[in-house]
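Reviewing the structure listed below.
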Amino acid sequence: MVRPSIKELFDLRGKCAVVTGGGRGIGEAAALRLAEAGAAVVVTDLDVDAAGRAAGRIREIGGRAEAMMADAGSVSDAQRVVETAVQAFGSLDILVNNAGIYFMRSALEVDEEEWDTLMAVNLKGVFFCSQAAAREMIRSGRGGG
């Protein structure tokens, strides 16, 4: 059986996606697949060089992409990401809340500062990135609803 390509399964031409933590790993793979399906992609990461490399890979396959440094745990960065997507590509249709952190050690060794950082990225960040994206999607009548 021949497996269909991403382009055959999804047509995202004219759509704009934001991928948080898109500079490497699962986030980079998601950004590339969205681009293959036709979406313009804003790749965000704390590591702006990694985001830039991922955006460069998208452009190499003929896609449109912007890279930017953003802290997924920052409310102001969440708004800035949405504004960048709209300024660069005219809309925001898709949000992939991929950014996340974890500690490779026993929970008994995690201190309060590390816990607060984990909660800021993995919980607060997801909520406020979603909130900022939803406000724009509602305002523009895009992104489903």
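Just so it is clear, none of the values below were taken in a lab; they were calculated from the coordinates. It should be emphasised that the depicted structure is a prediction, and the values quoted were computed from it without experimental measurement. Note: ideal-geometry Cβ built from the backbone for every residue, glycine included; neighbour counts use all protein chains shown.
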(message) Could you work out the relative contact order of the chain? I mean the mean sequence separation of Cα pairs under 8 Å and 6+ apart, divided by the number of residues, in percent.
(response) 23 percent
(message) 7 Å from Cα along Cα→Cβ at both Leu123 and Ser140: what's the point-to-point distance in nm?
(response) 3.1 nm
(request) Count neighbours as other Cβ atoms within 10 Å of each site's Cβ, and list the trypsin sites (Lys or Arg not before Pro) in segment 80-145 that are DSSP loop with at most 13 such neighbours. (result) Arg105
(request) Per residue of segment 74-87, in order, report the coupling 6.51 cos²θ - 1.76 cosθ + 1.60 (Karplus, θ = phi - 60°) as ³J(HN,Hα) in whole Hz, putting x for Gly and Pro. (result) 9, 4, 5, 5, 4, 5, 5, 5, 4, 4, 5, 4, 5, 5
(request) Set Lys and Arg Cβ to +1 and Asp and Glu Cβ to -1, take the dipole of the chain about its Cα centre, and tell me which of Gly73, Val2, Ala51 lies farthest positive. (result) Val2
(request) Figure the gain on full extension for Arg24 and Tyr102 (residue separation times 0.36 nm, minus the Cα-Cα span) and round it to one decimal in nm. (result) 26.5 nm
(message) Could you derive backbone 3J(HN,Hα) for segment 10-22 from the dihedral phi with the Karplus parameters 6.51, -1.76 and 1.60 (θ = phi - 60°), listing whole Hz in sequence and x where the residue is Gly or Pro?
(response) 9, 10, 10, 4, x, 9, 10, 10, 10, 10, 7, x, x
(request) Tell me which residues come under 5 Å, amide H to amide H, from Val42 once H is placed; ignore anything under 5 positions away on its chain. (result) Ala17, Val18, Val19, Glu66
(message) For Asp11, Asp71, which order do you get if you count the other beta carbons within 10 Å of each Cβ and list the fewest first?
(response) Asp11, Asp71
(message) For segment 12-140, take N as its residue count and report Rg(C-alpha) divided by 2.2 N^0.38 Å.
(response) 1.05
(request) Place a +1 charge on the Cβ of each Lys and Arg in segment 12-140 and a -1 charge on the Cβ of each Asp and Glu, then give the dipole magnitude about the Cα centre in debye, rounded to the nearest 20. (result) 820 debye
